[in-house]
Amino acid sequence: MSTSTDIHDLEEGLAFRPRFDAAGLVTCVATDAASGDVLMVAHMNDEALRKTIESGDAWYFSRSRNALWRKGETSGHTQRVVEMRMDCDQDAVWIRVEQTGAACHTGRRSCFYRAVADGEGGVKLSFVDSNRLFDPKTVYRK
């Protein structure tokens, strides 16, 4: 059970104490260091977080593949970390990156290429900033 002192130390202290969820993950938001655009949201386990800090390259944990991966190891579209920040209760990470090429596995610059709008007929998505920088079928051949 946490005490108010523990919470105060977590929120106001300088100790690095990431709080991983039950699956051993923290959420990571990656933004473009130059433009501030949100590029992607992914997850990091302890190893990915440590490798990112040590190498300066973005490492993630794929929930679908149950595997560690370095951004760009297959596509060549890499992320070099400029700055890493933790949120107030240390259960989410924000990295500002220098993005080379596309951030999204669909070949787009950002994973956030569709806008949400509520209109006649209900909520729908529309494409924005959706040009592909590469063909994922070519890059991710199995």
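Scanning the stretch 65-84 for residues that are farther than 14 Å from VAL139 by Cα, surrounded by 15 or more Cβ atoms within 10 Å (Cβ to Cβ) and of a type in the set (D, E, K, R) yields a count of 2. Is it the case that some residue within the stretch 91-102 is in contact with a helix residue (DSSP H, G or I) (Cβ under 8 Å, 6 or more places away or on another chain) and touching a residue at least 12 places away in the same chain (Cβ under 8 Å)? Looking for residues that are in contact with a helix residue (DSSP H, G or I) (Cβ under 8 Å, 6 or more places away or on another chain) and touching a residue at least 12 places away in the same chain (Cβ under 8 Å), one finds at least one in the stretch 91-102, hence yes.
Could you grab me the full set of residues in the stretch 82-96 that are under 16 Å from HIS43 (Cβ atoms) and among the hydrophobic types (A, V, I, L, M, F, W, C)? Those that are under 16 Å from HIS43 (Cβ atoms) and among the hydrophobic types (A, V, I, L, M, F, W, C): MET84, MET86, ALA92, VAL93, TRP94, ILE95. Total residues in the stretch 70-96 satisfying the condition of being in a strand (DSSP E or B) and in contact with a Lys or Arg (Cβ under 6 Å, 6 or more places away or on another chain): the figure is 4.
When the stretch 52-69 is filtered for residues that are outside any strand (DSSP E or B) and either touching a Lys or Arg at 6+ places or on another chain (Cβ under 7 Å) or of a type in the set (Gly, Ala, Ser) (or both), the ones remaining, listed by number, are SER55, GLY56, ALA58, SER64. The set of residues in the stretch 6-51 that are within 18 Å of CYS104 (Cα to Cα), free of Cβ contacts under 8 Å to residues at least 24 places away in the same chain and either in a strand (DSSP E or B) or acidic (Asp, Glu) (or both) comprises ALA42, HIS43. Pairing each residue of the stretch 60-83 that is closer than 14 Å to ALA48 by Cα and at pLDDT 95 or above with any residue that is hydroxyl-bearing (Ser, Thr, Tyr) and part of a strand (DSSP E or B), provided the two are 6+ apart or on different chains, yields C-beta distances under 9 Å for LEU68/TYR60; LEU68/SER62; TRP69/TYR60; TRP69/SER62; ARG70/TYR60; LYS71/TYR60.
The values are calculated or read from the model by the stated rules, or taken from the named source; none is laboratory data. Just so we're clear, the structure is a prediction, and the values are computed from it rather than from any experiment. So basically every Cβ, Gly included, is an ideal-geometry build from the backbone, and we count neighbours across all protein chains shown.
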